[in-house]
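To start, the structure itself, in structure tokens.
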Amino acid sequence: MSGIELEIAALYPWIVGVACRMAGDEADGEDLAHDTIIKALLAVVRFDSSRDLKPWLLSIMTNTWKSRERHRSCVPFCPLVEGVAALVPHDPLDVAASRTLVSLIRDMARRDIAMRSLWLYAEGYDYGEIAEATGARTGTVKSRIHYARKRLRQLLED
């Protein structure tokens, strides 16, 4: 283990404590702490060792928490049912409507990069991963997702 990895390991109780306070729940806090540690270890090459480790870990944790909260505020989808995501609950009319909606979005995603970005975001990818997959900048991905949501809202209202 490198020096920074040992420092992160030594800060584990602090990371869990902060994560539990941020999440408001011990189980969610432990998940957040583990995600933070994994992301930190994957990005350790980008850490400037002349700086303090705690603020860096705290920013990783905060961004991870914000991403989770954004995903929780999205429309809840169940696991794939017969290859199609279904909205909760499983009322037959809701399932039929969700299949129609998913088919519409999937068709639009094949033709429109903004809708494809939205589709990937709904599947749980973050902005950076979508940017890498589409070859665009992160800011461009955020903009595309914003406009795709706006168009989707308009379609749903019509």
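Structural remarks
- Estimated FRET transfer efficiency (Ser103, Asp25; beta-carbon r; R0 30 Å; 0.05): 0.25
- Per-residue Cβ neighbour counts within 10 Å put Asp107, Asp31 in the sequence Asp107, Asp31, beginning with the fewest.
- Fewest-first sequence of Asp52, Asp35 by Cβ atoms within 10 Å of each Cβ: Asp52, Asp35
- Spacing of the two label points (7 Å from each Cα toward its C-beta) at Val44 and Arg151, in nm: 4.3
- Descending Cα extents along the principal axes, the stretch 3-72, whole Å: 34, 22, 16
- Which of Ile37, Ile15 has the fewest Cβ neighbours within 10 Å, and the rest in rising order: Ile37, Ile15
FYI, it's all coordinate maths here, none of it is from the lab. In this text the structure is predicted, and so the values were computed from the model without any measurement. Counting neighbours? That spans all protein chains shown, and the Cβs are built from the backbone with ideal geometry, glycine included.
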